[in-house]
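Each reported figure results from applying straightforward, stated rules to the coordinates on display, with no laboratory input. From a predicted model like this one, the values you see are computed outputs, not experimental measurements. Here Cβ is always computed from backbone atoms with ideal geometry, including for glycine, and neighbour counts include all displayed protein chains.
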Amino acid sequence: HRWREELADVEFAVDLVPPTDTELGNAVADGGIESGGVLLAQIVPAVGRQKTHIVLYRKPIELRARDFEDLEDLVHDIVVHVIANYLGLEPDVVDPGFGDAD
């Protein structure tokens with residue numbers, strides 16, 4: 001709820017896999033998160049009346065997780081990073097505990 005106002009015009013979505021290279025365009029340059037050249041999340045800017053979307057890609061994220069706990073941590077880290085990119089902030093500003101060891 002810390003960023004409720006700043007994220008009011010953003011919708012979050014989960015898609016199975018990222019778009020192909022030809023569909024991708026400049027997603028990574030525009031705040032996307034990738035690992036090993038594979039897009040894990042991206043910011044899809046608002047167009048017309050459509051809101052900005054932050055999209056996480058399920059399969060690539062799942063394939064990088066060792067177990068359920070690792071998956072939870074990975075999703076958290078990706079969401080923090082992509083929100084930080086969207087807001088133009090550092091991840092530890094978005095989540096003050098970001099990067100702290102458990």
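General remarks:
- For ILE54, nonlocal amide neighbours, meaning residues 5 or more places apart or on other chains whose placed amide H falls under 5 Å from its own, are GLU11, PHE12, ALA13, VAL44.
- Comparing mean-square fluctuations of ARG58, ARG49, ARG66 from a GNM of the chain with C-alpha springs under 10 Å, the top value falls on ARG49.
- Bridge type composition, the chain - antiparallel percent by DSSP, nearest 5: 55
- Residue of PRO91, PRO19, PRO60 that the Gaussian network model of the chain assigns the largest fluctuation, springs spanning Cα pairs under 10 Å: PRO19
- Selection from SER35, THR20, TRP3, by position along the positive dipole direction of the chain (Cβ): THR20
- Against the set (i) 13.3, 39; (ii) 13.6, 42; (iii) 19.5, 63, the structure's computed Rg and Dmax of the Cα atoms in Å falls on (ii).
- Pairwise FRET efficiency - GLU5 versus VAL93, Cβ, R0 = 25 Å, nearest 0.05: 0.95
- Summary value for the chain: 24 percent relative contact order, contacts being C-alpha pairs under 8 angstrom separated by 6+ residues.
- The label point for LYS59 and the one for VAL17, both projected 7 Å from the Cα toward the Cβ, are 0.3 nm apart.
- Karplus (6.51, -1.76, 1.60) ³J(HN,Hα), θ = phi - 60°, over the range 77-88, in Hz, Gly and Pro reported as x: 4, 5, 4, 4, 4, 6, 5, 4, 4, 4, 7, x
- For the range 46-102, the residue among VAL79, VAL93, VAL55 whose Cα projects farthest onto the positive side of the dipole built from Cβ charges is VAL55.
- Counting only chymotrypsin sites (Phe, Trp or Tyr not before Pro) that DSSP places in a loop and that have at most 16 other Cβ atoms within 10 Å, the longest clean stretch of the chain runs over 4-97.
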